1. Let me spell it out: the conditions are (1) touching a Ser or Thr at 6+ places or on another chain (Cβ under 6 Å); (2) closer than 30 Å to ASP169 by Cα, and VAL467 meets all of them except one. Which number is the exception?
2. Over 13 Å from the mean Cα position of the chain (by Cα) and of a type in the set (Asp, Glu): does that describe GLU538?
3. Here is a list: PHE452, PHE407. Which entry is of a type outside the set (D, E, K, R) and in contact (Cβ under 8 Å) with a residue 24 or more places away in the chain?
4. Right, ARG516: over 30 Å from PRO173 (Cα atoms), among the charged types (D, E, K, R) and surrounded by fewer than 16 Cβ atoms within 10 Å (Cβ to Cβ) or not?
5. Could you tell me whether VAL360 is in contact with a Pro (Cβ under 7 Å, 6 or more places away or on another chain), in the same structural domain as THR441 (by TED's automatic domain parsing), surrounded by 13 or more Cβ atoms within 10 Å (Cβ to Cβ) and not hydroxyl-bearing (Ser, Thr, Tyr)?
6. On the basis of being in a helix (DSSP H, G or I), in contact with a Leu (Cβ under 8 Å, 6 or more places away or on another chain) and of a type outside the set (Ser, Thr, Tyr), does ILE480 make the cut?
7. Considering each of LEU94, LEU142 in turn, give the residue that is over 27 Å from ALA207 (Cβ atoms) and either outside the structural domain of GLY218 (by TED's automatic domain parsing) or out of contact with any Cys (no Cβ under 8 Å at 6 or more places or on another chain) (or both).
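The values are calculated or read from the model by the stated rules, or taken from the named source; none is laboratory data. Predicted, not measured: the structure shown is a model, and the values here were computed from it. A quick note on method: Cβ atoms are made from the backbone with ideal geometry, for glycine too, and the neighbour counts reach across all protein chains shown.
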Amino acid sequence: MKVVFGLWKNGVKVGLIVGAVGILLALIGMVEAFGQRSVISEIISMGHTLLLLVALFGGYLAARRTTRTESAYPILTSLLSGLFVGGALSLLVLLGSVVNLRKIFINASPLLYRLLTFDLEPGGGTIFLLLFGALSGLLAGLYYLSSPLVRRVLGTSLGCMVLTGVLQDLLRPTFALWGPLAIINDWLYAANGLTLWGAASLVIVTALVTYFWAKRGGALRTAFGQMSSGKQRAFRLTGWSLVALLLILLPHILGLFLSEVLTIVGLYVLLGLGLNIVVGYAGLLDLGYVAFFAIGSYTMALLTSPELGFFHFSFWGALPFVIFMGVISGVLLGIPVLKMRGDYLAIATLGFGEIIRILVLSDFLRPWLGGAQGAGKIPKASIAGMELATPQQIYYLILAGCLLVGFISWRLRESRLGRAWMAVREDEDVAQAMGINLVATKLMAFATGAGFSALSGAIFASKLGSVYPHSFNVMISINIICVIIVGGMGSIPGVILGAIALVGLPELLREFAEYRLLVYGAALVAMMLLRPEGLWPEAIRRRELHGEEPEEVETQPPPA
């Protein structure tokens, strides 16, 4: 009886919920829109991949909610979940064959039913969907029960294959720029999607590299640690030189549009690194962070714009004042909220962000800041007489800002102040009992993060040449919070990965613009369920969330 209840609770309920999600994705038009692009040419489209991922996610979630005392139970629950997902889609196809659903749902077209059934008749298509769902659930259960190494290899290789197919419009022109890469391009891609042999080769190569690194990565790191300091320095210098060369050449390789995407990602990296100090290091939830971004932008406009006509500074002459204003505003925000914690602090900082936006829109400051019309004619930054106007030129300015802010964040993390921030994040009362000055520590966190945000705002104003109040709504703060949570709170590489995942990828998929927010929200939900510590978490954060899980021990032969 207990087993039957567990199967019902985990398998059937999850299957019904995920099946409803699959029907929703079909009826809002996502499956049909994504079906126009293939991941593997003439085999599987993005629409089919979307349904497959939904069924796999449901099966994995059902298996994860089941106790692992008996290995058959997770497989049964995942199989049952996948069967109900396939049954929900089959019900949609059968209902659509006898009732004209298009009178209610405009996207319930014959093309949608053909995509769902892989061009089969309704009777055969429903049987196929049931088998499709059951097989997806079975594979998800087997994946859950497999070892961490197998999960890592399969997840990385298949994910790399899907991502390469989805980003074909980005990768194909890039590969075609250079002779050897053009050969790889012809092998990988067909007219629409990956070739079958290219997809198989990509999966095999990625799986071998992942397996080798998982098995031998620890030994390689140990061998590197046993090298002399001179050899280690030479290896590091070579690696960093290659990275620097790639970063310098990147805008010329990618072209104008992708350079523009890089500048947007870079601005969010700058903002994320600043908020990472406040939220990730010090544990102070700041939802009004966009206020400092606005203060930096408007200070730059006030000091440089001839349209406002008060001052006539250059970009570099105004930049110190911009950062100073950001630091001062961070301190002014921090003073009233020193005694607040948790939700109360979040609400107070959210109010600060709205206050700044409403002040900028007010008639009182309109002669100074332009009101709802904003301020224009902000001069571009220039170096040695060369104006940084195009995205490929502004990229270097943003890259320099990211490197500077990243270096400062890295140095602060291991400093005395950084350790004080982390102590405050863990427990304020204990930190105060240990002699940490909470007032100075919190104010330093707010001031440092606000200075970095003001720097990003100054670059943003120079990049656009104008600023408007509606560019600084509360969603900017929410997006930056999402960036550092998805990347990994307190982790500098995590901020970069989070910005690429949540800002860069949606920009590359603008052809599906109407569904971007839906995919964005679904990705956040999946992230919190499957990897709550983030893409590249800090070591302490990983231990907090996975402290009770057994760590995988790699057995290596003893050195000779």
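1. Evaluating VAL467 over (1) touching a Ser or Thr at 6+ places or on another chain (Cβ under 6 Å); (2) closer than 30 Å to ASP169 by Cα leaves (2) as the failure.
2. Answer is yes for this residue.
3. PHE452
4. Details: over 30 Å from PRO173 (Cα atoms): no; among the charged types (D, E, K, R): yes; surrounded by fewer than 16 Cβ atoms within 10 Å (Cβ to Cβ): yes.
Against the criterion (over 30 Å from PRO173 (Cα atoms), among the charged types (D, E, K, R) and surrounded by fewer than 16 Cβ atoms within 10 Å (Cβ to Cβ)), ARG516 does not qualify.
5. On the way: in contact with a Pro (Cβ under 7 Å, 6 or more places away or on another chain): yes; in the same structural domain as THR441 (by TED's automatic domain parsing): yes; surrounded by 13 or more Cβ atoms within 10 Å (Cβ to Cβ): yes; not hydroxyl-bearing (Ser, Thr, Tyr): yes.
Taking the combined requirement at face value, the residue satisfies it.
6. Numbers: in a helix (DSSP H, G or I): yes; in contact with a Leu (Cβ under 8 Å, 6 or more places away or on another chain): yes; of a type outside the set (Ser, Thr, Tyr): yes.
Considered against the rule, which asks whether it is in a helix (DSSP H, G or I), in contact with a Leu (Cβ under 8 Å, 6 or more places away or on another chain) and of a type outside the set (Ser, Thr, Tyr), ILE480 comes out as yes.
7. Only one candidate qualifies: LEU94.
For every residue, the table says whether it meets (1) modelled with pLDDT of 85 or more; (2) charged (D, E, K, R); (3) not assigned by TED's automatic domain parsing to the domain that holds VAL261.
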{"site": "PHE364", "(1), (2), (3)": "no, no, no"}
{"site": "LYS377", "(1), (2), (3)": "yes, yes, no"}
{"site": "MET386", "(1), (2), (3)": "no, no, no"}
{"site": "TYR396", "(1), (2), (3)": "yes, no, no"}
